[in-house]
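Written below as structure tokens is the structure these notes are about.
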Amino acid sequence: MAPAFRDVCRQKSFIVTAEMGPPKGTDTSRLREIVHQIGSSVDAINVTDNQSAVMKVSSLAICRLILEAGGEPILQLTCRDRNRLALQSDLLAAWVLGIRNVLCLTGDHVRIGDHPQAKPVFDLDSVQLLQVVANLNQGRDLAGNALEGATDFFPGAVVTPGADPLGPQILKFRKKIAAGARFFQTQAIFDVDQLKSFLDRAQPNGVTILAGIVLLVSPRMGQFLNEKIPGVYVPERLIERLAEVPKEKRLAEGIRIAAELIRAIRDTGICQGVHIMAIGREEKVPEILRLAE
Amino acid sequence: MIVARRKPLAEIEAVVQDCTQVLVVGCGSCMAVCQAGGEKEVEILARQLRMRARLASRCQIVDEITLPRQCDPEFLRPLAALVDRYQALVSMACGAGVQLLAEQFAHRPVFPALDTLFLGVNEGPGTWGQRCLACGQCILHLTAGICPKTLCAKGLLNGPCGGTKHGKCEVNAEKTCAWAAIYNRLEKWGRLELIGRIWPPADWSVVDTPARHGTSLAEESAP
């Protein structure tokens, strides 16, 4: 069994988490294989919650499978699909099933997903969801009712260091810390200086910051991230680097870029670790980490 | 004011085509202002229905009337002497007006000619924008007069989501991020502390549907 992520954040000098998305359907074979391949290389595995508002298997179920496979799961929980009753009920369910870490997010809007006709919920926002977790940890629900058995979640949240404008992002970041977030996983970082200037300005003390690392696999992906994904900036030199190598070697080059970023973050010590999002190439995480050593 | 949009002609025609006598009822308040169901729009719809009936060789009489308002029984009274001449009423009021008309003249079918959209303001010629959700808990004094419940696609109370890009909204890149707008205005005022505290979750119990407001409630419950 993996050590508790809470203890890892307290004790380890450089922390590594990775993200994976549940399958769309009931075939969990690839997922089980990935957990087997990367479970021992990372400190915890995030499981996304209907990411990009695309309907998949619930994060809760996949977190439980990771736990059974000996891994340490981080439950991603968004406010898009559940009201306050369902959120609290699912949090209690997660605790009962042995899940100890929860990442609280607002969630992408349903209009950008695969069920754009759906009614979005957003009864709570990510800050209020963090407060809910803090309440449950103290044995109370949001309405103040006593629980028969409290939770003891290790709560986390997300932040976008490259957000434009940055002021409102810092305001929300501080609210998340005040609401009880103990760790942060950032939006993808490709420029270490950008992360450093954000952290210098935001001054987060006493929380674990894990820099988001996205595995680039093509120059087009770099352009796509720049154009479409809020707060993500892929420097032109990285896009050119990928364009200069032949197609069949681009994945390897992307792995090298990710490894270099991880090394730069670790060597400069600007934050406590990294969170790797190797979208669809999760099996490459151990290789990225080996190269980063 | 309430903003609405007229339904496509084919849709309105489909529900009234079997009626030989139809009265199109306009609403002279919000619906006239947003150019969806005032006197002018009543005239246009009535003409279109007549023309369609003639083209289909249907015998149909379409008359017109526009009331100052359809959301108050007092203004509906003049219709009492008229409605029995018609097999159906076509209301060009908002959803509230349609329902009061149907309630007051329950023996006649009332069909809506409009889709009611939102509470909003005039943003320019022929353009209206939503401003209010009628949430029953106004917080505009804290948000520089910009409503995040209405203008943020997610109705967030504690700042922007991660989808905001260059001050625009995740859902529609043409729309300003409400939280960027609130932040900018408060920053100019030097009043950012107004949004610095964590706001608790909204209390939806104050807007239980169907909502009612007024003194008659208390009178009704009195013994």
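Put simply, of B:Glu187, B:Glu170, B:Glu174 the only residue that is facing chain A (nearest Cβ under 8 Å) and in a loop (DSSP other than H, G, I, E, B) is B:Glu170. The residue that is surrounded by the most Cβ atoms within 10 Å (Cβ to Cβ), among those in the stretch B:177-202 that are among the small types (Gly, Ala, Ser) and within 30 Å of A:Gly144 (Cα to Cα), is B:Ala202. Counting only residues that are outside any loop (DSSP other than H, G, I, E, B), at pLDDT 95 or above and not hydroxyl-bearing (Ser, Thr, Tyr), the stretch A:201-225 holds 13 of them.
Can you confirm whether A:Arg100 is among the basic types (Lys, Arg) and under 25 Å from A:Thr17 (Cβ atoms)? Considered against the rule, which asks whether it is among the basic types (Lys, Arg) and under 25 Å from A:Thr17 (Cβ atoms), A:Arg100 comes out as yes.
What are the residues in the stretch B:136-155 that are within 13 Å of another protein chain (Cβ to nearest Cβ) and in contact with a helix residue (DSSP H, G or I) (Cβ under 6 Å, 6 or more places away or on another chain), if any? Answer for the stretch B:136-155, where residues must be within 13 Å of another protein chain (Cβ to nearest Cβ) and in contact with a helix residue (DSSP H, G or I) (Cβ under 6 Å, 6 or more places away or on another chain): B:Thr143, B:Ala144, B:Ile146, B:Pro148, B:Cys152, B:Gly155. With respect to the conditions (1) exposed (fewer than 14 other Cβ atoms within 10 Å of the Cβ); (2) assigned to a loop (DSSP other than H, G, I, E, B), B:Ser205 lacks only one, and its number is (2). Scanning the stretch B:45-61 for residues that are in a helix (DSSP H, G or I), farther than 21 Å from B:Ile2 by Cα and not small (Gly, Ala, Ser) turns up B:Arg47, B:Gln48, B:Leu49, B:Arg50, B:Met51, B:Arg52, B:Arg54, B:Leu55.
Residue by residue through the stretch B:190-202, note down the ones that are closer than 15 Å to A:Lys175 by Cβ and either more than 7 Å from chain A (Cβ to nearest Cβ) or part of a loop (DSSP other than H, G, I, E, B) (or both).
So the first thing to find is which residues in the stretch B:190-202 are closer than 15 Å to A:Lys175 by Cβ, and the list is B:192-201.
Selection gives B:Leu192, B:Glu193, B:Leu194, B:Gly196, B:Arg197, B:Ile198, B:Trp199, B:Pro200, B:Pro201.
Residues that are surrounded by 13 or more Cβ atoms within 10 Å (Cβ to Cβ), outside any strand (DSSP E or B) and not polar (S, T, N, Q) within the stretch A:8-29 comprise A:Val8, A:Cys9, A:Lys12, A:Phe14, A:Gly21, A:Pro22, A:Pro23, listed in sequence order.
Residues considered: B:Gln70, B:Gln21, B:Gln17, B:Gln104. Of these, the only one that is touching a residue at least 60 places away in the same chain (Cβ under 8 Å) and either touching a Phe, Trp or Tyr at 6+ places or on another chain (Cβ under 8 Å) or not hydrophobic (A, V, I, L, M, F, W, C) (or both) is B:Gln21. Being buried (at least 20 other Cβ atoms within 10 Å of the Cβ) and either over 16 Å from the mean Cα position of the chain (by Cα) or within 10 Å of another protein chain (Cβ to nearest Cβ) (or both) holds for only one residue in A:Asp141, A:Asp152, A:Asp114, A:Asp81, and it is A:Asp81.
I'd like the full set of residues that are part of a helix (DSSP H, G or I), modelled with pLDDT of 95 or more and surrounded by fewer than 19 Cβ atoms within 10 Å (Cβ to Cβ), limited to the stretch A:227-246.
If we filter the stretch A:227-246 for residues that are part of a helix (DSSP H, G or I), which is where we start, we get A:227-228, A:236-244.
Going one step further and asking which of them are modelled with pLDDT of 95 or more, we end up with A:236-244.
Selection gives A:Glu236, A:Arg237, A:Glu240, A:Arg241, A:Ala243, A:Glu244.
Among the conditions (1) within 9 Å of chain A (Cβ to nearest Cβ); (2) touching a residue at least 40 places away in the same chain (Cβ under 8 Å), the only one that B:Gly159 does not satisfy is (2). Count, please, the residues in the stretch A:193-212 that happen to be farther than 18 Å from A:Glu19 by Cβ and in contact (Cβ under 8 Å) with a residue 60 or more places away in the chain. Summing the residues that are farther than 18 Å from A:Glu19 by Cβ and in contact (Cβ under 8 Å) with a residue 60 or more places away in the chain in the stretch A:193-212 gives 2.
Quick check: is even one residue across the stretch B:115-125 exposed (fewer than 15 other Cβ atoms within 10 Å of the Cβ), among the hydroxyl-bearing types (Ser, Thr, Tyr) and away from every other protein chain (no Cβ under 14 Å)? So that I can check it myself, show each step before the final result.
Of the stretch B:115-125, the ones exposed (fewer than 15 other Cβ atoms within 10 Å of the Cβ) are B:115, B:121-125.
Remaining after also requiring among the hydroxyl-bearing types (Ser, Thr, Tyr): none.
No, the stretch B:115-125 contains no residue that is exposed (fewer than 15 other Cβ atoms within 10 Å of the Cβ), among the hydroxyl-bearing types (Ser, Thr, Tyr) and away from every other protein chain (no Cβ under 14 Å).
Taking (1) touching a helix residue (DSSP H, G or I) at 6+ places or on another chain (Cβ under 8 Å); (2) over 21 Å from A:Val47 (Cβ atoms) in turn, A:Ser197 satisfies each apart from (1). Of the candidates A:Leu147, A:Leu210, the single residue that is among the aliphatic types (A, V, I, L, M), surrounded by 18 or more Cβ atoms within 10 Å (Cβ to Cβ) and away from chain B (no Cβ under 14 Å) is A:Leu210.
Considering only the stretch A:217-234, I want to know if a residue exists there that is in contact with a Ser or Thr (Cβ under 6 Å, 6 or more places away or on another chain) and among the polar types (S, T, N, Q). There is no residue in the stretch A:217-234 that is in contact with a Ser or Thr (Cβ under 6 Å, 6 or more places away or on another chain) and among the polar types (S, T, N, Q).
Tell me yes or no: at least one residue of the stretch B:135-148 is of a type outside the set (S, T, N, Q) and in a helix (DSSP H, G or I). Yes: the stretch B:135-148 contains one or more residues that are of a type outside the set (S, T, N, Q) and in a helix (DSSP H, G or I).
Does the stretch A:84-109 hold any residues that are away from every other protein chain (no Cβ under 14 Å), more than 16 Å from the chain's Cα centre (by Cα) and under 23 Å from A:Val159 (Cα atoms), and which are they? Don't jump to the end; show me each part of the working.
As a first pass, look at the stretch A:84-109 and keep what is away from every other protein chain (no Cβ under 14 Å): A:89-102.
Filter once more, keeping what is more than 16 Å from the chain's Cα centre (by Cα): A:89-98.
The one that is away from every other protein chain (no Cβ under 14 Å), more than 16 Å from the chain's Cα centre (by Cα) and under 23 Å from A:Val159 (Cα atoms): A:Leu91.
In the stretch A:265-278, of all residues being in contact with a Leu (Cβ under 7 Å, 6 or more places away or on another chain) and assigned to a loop (DSSP other than H, G, I, E, B), the one that is farthest from A:Phe183 (Cα to Cα) corresponds to A:Ala278.
Where strands (runs of 3 or more DSSP E) sit wholly within the stretch A:32-119, those with at least 1 residues that are of a type in the set (Gly, Ala, Ser), in contact with a Ser or Thr (Cβ under 9 Å, 6 or more places away or on another chain) and in contact (Cβ under 8 Å) with a residue 12 or more places away in the chain occupy A:44-47.
The values are calculated or read from the model by the stated rules, or taken from the named source; none is laboratory data. Remember, it's a predicted structure, so these values are computed and weren't measured experimentally. Positions of Cβ are generated from backbone atoms using ideal geometry, with glycine treated the same way; all protein chains shown enter the neighbour counts.
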